[in-house]
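Asks: One structure, as structure tokens, below. Some questions next.
The values are calculated or read from the model by the stated rules, or taken from the named source; none is laboratory data. In this text, all values refer to a predicted model and were calculated from it rather than measured experimentally. Cβ atoms come from the backbone with ideal geometry, glycine included; neighbour counts cover every protein chain shown.
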Amino acid sequence: MNTQSLPVLMYHYVNRFPGATTVSPEAFEAQCRGMAENGWRGVGLDEAEAFLLHGTPLPRRSLLITFDDGYLDNYVYAWPILRKYGHKGVVFAVTDRLEKASGPRPTLADVRSGSELTLPPVDTPLQATDYGFQERRDLFMSWEEARRMEESGVMAVAAHSARHLAVFAGPEWGPVNRHDRRKAASPFEEAAKRFHVPGTRLNTFNRTDFPVVWGLPRFKERPFLHSRAFIPSPELVRAVRGLVPQDIREARAFFEHPGKVAELEALVASFAQDRLGTPETEEKRRERVRAEIASCAETLRRELGHPVRSLCWPWGSGSDVAVEEARQEGFAVFFTTRMGANPPAAPAAVRRFKVRDAGWTWLRLRLEIYSRPRLAALYAACRL
């Protein structure tokens, strides 16, 4: 019996630093071992593309293992573990983030064989700054390491955009974004839910396609390839810069003073909504999206030596404009973060499920669900 629905697993980090999108190397190995011992096989991207594009049959208990962003820990930990258990996978790389100069660094396999004693510091991404706060500085694999993984036949490399940015998407501001709705522990953190404040955005890809201005309102944000951008007005930017110091230390001191924050709130409130900014034109939107996708595609062709057909939308969200531009660059299979079934010959919106930092028992149940089309659709609907 062949695969009726292809389960697609979504990983980000594979390291020992706890986080919502992190799976430890120990849990990842337990999952890979469980898959191998129970007849599940992580197929190559080329096999998955043939299934998704043309309906080419895959054996029962096939699955696709994906990793978003291109972190170095995918090379250090995930690649050798996949190879050990006979699985294949794909890294969706943010092309501007991959390093150009670094040669191959040690992997888990090197340490286990005794040829290397230490691994790169992928388990400790938080670094102290000179400004009194910690900043996340994730390490990314190099292009040489990416090519080495591809040459092994174990891990393919595909597209995840050039920069993985967001855009401001409207004049609404304040705690209107998902990452701003957490409970604030101090007046400083409360201010950071409404304004751009130094040292409060620890996620690597929590960045917008707009120059950093401390004190600018936290406008609604949406994925770069998904939404029409909202451009803050030059008048607003000048007014904010005139009130809030742009030196990092001085800006942090400003936001620790409730009276000064109240003054900033009054300043922004003095702007009518139509004076806060303007939406970009559809022509500018298409130019922006085209440049981002073209840059990603060209970098992949140059660094890997071959075209790439699969594109994973940053934050799982594309748009009709992005799809049109991506097809012009040769992309044909589009991965999302939505859950559900993946039947044959359905490349327009490949569904994935996020893998937890858990053992084989947790994963086994999900694989049984997502390999059955009706059950996968029902389970995804219930989760939504």
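Asks: Can you find a residue that is at pLDDT 95 or above, among the aliphatic types (A, V, I, L, M), more than 13 Å from A162 (Cα to Cα) and surrounded by 13 or more Cβ atoms within 10 Å (Cβ to Cβ) anywhere in segment 278-297?
Replies: At the first step, the residues of segment 278-297 found to be at pLDDT 95 or above are 278-297.
From what's left, among the aliphatic types (A, V, I, L, M): 289, 291, 293-294, 297.
Retained after the next criterion (residues that are more than 13 Å from A162 (Cα to Cα)): none.
For segment 278-297, residues at pLDDT 95 or above, among the aliphatic types (A, V, I, L, M), more than 13 Å from A162 (Cα to Cα) and surrounded by 13 or more Cβ atoms within 10 Å (Cβ to Cβ): absent.
Asks: I'm checking my understanding of the structure. Among residues of segment 235-250 that are more than 13 Å from E263 (Cα to Cα) and of a type in the set (V, I, T), which one is nearest to the chain's Cα centre (by Cα)?
Replies: For segment 235-250, the residue satisfying everything is I248.
Asks: Okay, moving on. Search segment 215-242 for residues being basic (K, R) and part of a loop (DSSP other than H, G, I, E, B), and hand back the single one that is farthest from P175 (Cα to Cα). Step through it out loud before you land on a result.
Replies: Taking segment 215-242 first, the residues basic (K, R) are 218, 220, 222, 228, 238, 241.
Subsequent filtering for residues that are part of a loop (DSSP other than H, G, I, E, B) retains 218, 228.
Values: R218: 7, R228: 20 Å.
The residue in question is R228.
Asks: Pick from R301, R238: which is without any contact (Cβ under 8 Å) to a residue 40 or more places away in the chain, assigned by TED's automatic domain parsing to the domain that holds V197 and among the basic types (K, R)?
Replies: Working: R301 fails: assigned by TED's automatic domain parsing to the domain that holds V197.
On inspection, the qualifying residue turns out to be R238.
Asks: Kindly indicate which of L108, L126 is among the aliphatic types (A, V, I, L, M) and touching a Lys or Arg at 6+ places or on another chain (Cβ under 7 Å). Show your work before the answer.
Replies: Numbers: L108 fails: touching a Lys or Arg at 6+ places or on another chain (Cβ under 7 Å).
Going through L108, L126 in turn, the sole match is L126.
Asks: Could you please find all residues in segment 117-142 being within 20 Å of I81 (Cα to Cα) and in contact (Cβ under 8 Å) with a residue 40 or more places away in the chain?
Replies: L119, P120, V122, D123, L139, F140, M141, S142 - these are the residues of segment 117-142 that are within 20 Å of I81 (Cα to Cα) and in contact (Cβ under 8 Å) with a residue 40 or more places away in the chain.
Asks: Being assigned to a loop (DSSP other than H, G, I, E, B), of a type outside the set (A, V, I, L, M, F, W, C), in contact with a Lys or Arg (Cβ under 6 Å, 6 or more places away or on another chain) and at negative phi is the requirement here; does P245 meet it? Even if it seems obvious, please write down each step before you answer.
Replies: Values: assigned to a loop (DSSP other than H, G, I, E, B): yes; of a type outside the set (A, V, I, L, M, F, W, C): yes; in contact with a Lys or Arg (Cβ under 6 Å, 6 or more places away or on another chain): no; at negative phi: yes.
Criteria not met by P245.
Asks: When you look at V157, is it over 30 Å from A269 (Cβ atoms) and under 17 Å from the mean Cα position of the chain (by Cα), yes or no?
Replies: Spelling it out, V157 is indeed over 30 Å from A269 (Cβ atoms) and under 17 Å from the mean Cα position of the chain (by Cα).
Asks: Counting only residues that are in contact (Cβ under 8 Å) with a residue 60 or more places away in the chain, outside any helix (DSSP H, G or I) and buried (at least 20 other Cβ atoms within 10 Å of the Cβ), how many does segment 310-341 have?
Replies: Matching residues across segment 310-341 total 9.
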